[in-house]
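Peer 1: Have a look at this one.
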Amino acid sequence: MGTGVLRCGTCGSSRLTPVGQLRTLEGQNDRLRLKFPRPRAYKLRPAFDVDFARACLDCGALLPFLSDVDLKRLNDDADGLTGYDT
């Protein structure tokens, strides 16, 4: 059961920064994307933008988050996704 405290997935610390925008050095429009294999030939790969992150103040790990729009799209598409490790 959850305690309501967000913790680092790497070290378990609760010392996390506020949510910040996650971008690359190349430009404001460059962002991380979570991509999955094509469901069928000639179909686009499902991809979701990772726009936000928190950083752990103890170990430095980044905890990325999807935007609300991409989270809704991921939930809508979740049953049809396949992984790379199959």
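The values are calculated or read from the model by the stated rules, or taken from the named source; none is laboratory data. Please read all numbers here as calculations on a predicted model, not as lab measurements. Backbone-built Cβ (ideal geometry, glycine too); neighbour counts: all protein chains shown. Only protein heavy atoms, including side chains, enter the accessible area calculation; ligands, DNA and RNA are left aside. Shrake-Rupley method; radii C 1.70, N 1.55, O 1.52, S 1.80 Å.
Peer 1: Hey, can you tell me all the residues within the range 37-47 that are open to solvent by less than 40 Å² (accessible area, probe 1.4 Å) and either part of a loop (DSSP other than H, G, I, E, B) or of a type in the set (D, E, K, R) (or both)?
Peer 2: Result: 37, 46.
Peer 1: Residue 37 - would you say it is touching a residue at least 12 places away in the same chain (Cβ under 8 Å) and in contact with a Leu (Cβ under 9 Å, 6 or more places away or on another chain)?
Peer 2: Numbers: touching a residue at least 12 places away in the same chain (Cβ under 8 Å): yes; in contact with a Leu (Cβ under 9 Å, 6 or more places away or on another chain): yes.
So residue 37 passes the test.
Peer 1: On the basis of being open to solvent by 60 Å² or more (accessible area, probe 1.4 Å), assigned to a helix (DSSP H, G or I), modelled with pLDDT of 80 or more and not hydrophobic (A, V, I, L, M, F, W, C), does residue 77 make the cut?
Peer 2: Judged against the criteria, residue 77 is a match.
Peer 1: Spot the failing condition for residue 55; the list is (1) in contact with a Pro (Cβ under 8 Å, 6 or more places away or on another chain); (2) more than 17 Å from residue 67 (Cβ to Cβ); (3) assigned to a strand (DSSP E or B), and only one is missed.
Peer 2: (1)
Peer 1: If the requirement is being over 16 Å from the mean Cα position of the chain (by Cα) and either open to solvent by less than 30 Å² (accessible area, probe 1.4 Å) or free of Cβ contacts under 8 Å to residues at least 12 places away in the same chain (or both), which of these qualifies: 50, 5, 69?
Peer 2: Only one candidate passes the filter, namely 5.
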